[in-house]
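Contents: one structure, followed by commentary.
Each value in this text was obtained by applying a stated rule to the coordinates, not by laboratory testing. The structure presented is a predicted model; accordingly, all values stated were derived computationally and were not measured. Positions of Cβ are backbone-derived with ideal geometry, glycine not excepted, and every protein chain shown enters the neighbour counts.
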Amino acid sequence: MIEFTPPGFIWLQVGSAKTGTGARKAKPENILLDRHTLHLAMPETDKTTLYFWMMANKAESLTTEQESKIYEASLHAFNEDITIIEGQQDRLRAETNEIDLRADTGVLEARRLLKRLAAEEITL
C-alpha cells in the first residue's frame, strides 16, 4: 500500500503472509514480512531536492543478514535511479510536454494534486 501526503511524504507498506492466512489481516505468526518505508522529498532549490528515506520493520522479524540484503538492494536501486533522475532534471524544461502513461498514474495524480494545492495557496 502506498500513501502520499503533500508536499513530499510517501509511505510504503510492504508485506507478505503465508498463503491462505489473510494477507493484511493475517495473525502475527503467519506474517512473513511487514516492512514500512518512508520517503521524504524536500525541495532545496528550483532544480534540486533533498531526498531522505528510512525502512522499519518489527523488531527481530528479520535476521541481520536479511536486513543487510534488503538495505544493500535498496541502496543499489537508489544509486541506479540517481543517474536517471539527474538526466531527467537536466532535460526538464517548462515547455516540455508531459506524456501520460498508465504506469505513471500515481505520479501524475500527485502532480495534479500539488498543482491544485499551490493554486489554492495563491488565492488565499
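Annotations for the structure displayed:
- For segment 60-82, the criterion of being over 14 Å from the mean Cα position of the chain (by Cα), surrounded by 10 or more Cβ atoms within 10 Å (Cβ to Cβ) and not in a helix (DSSP H, G or I) is satisfied by at least one residue.
- Tally of residues being exposed (fewer than 11 other Cβ atoms within 10 Å of the Cβ) and farther than 30 Å from LYS115 by Cα across segment 1-49: 7
- Restricting the search to strands (runs of 3 or more DSSP E) fully inside segment 1-46 and requiring at least 2 residues that are more than 30 Å from GLU121 (Cβ to Cβ) gives 9-17, 31-43.
- Within segment 108-124, tally of residues that are loosely packed, with under 10 Cβ neighbours inside 10 Å and either in contact (Cβ under 8 Å) with a residue 60 or more places away in the chain or of a type in the set (A, V, I, L, M) (or both): 3
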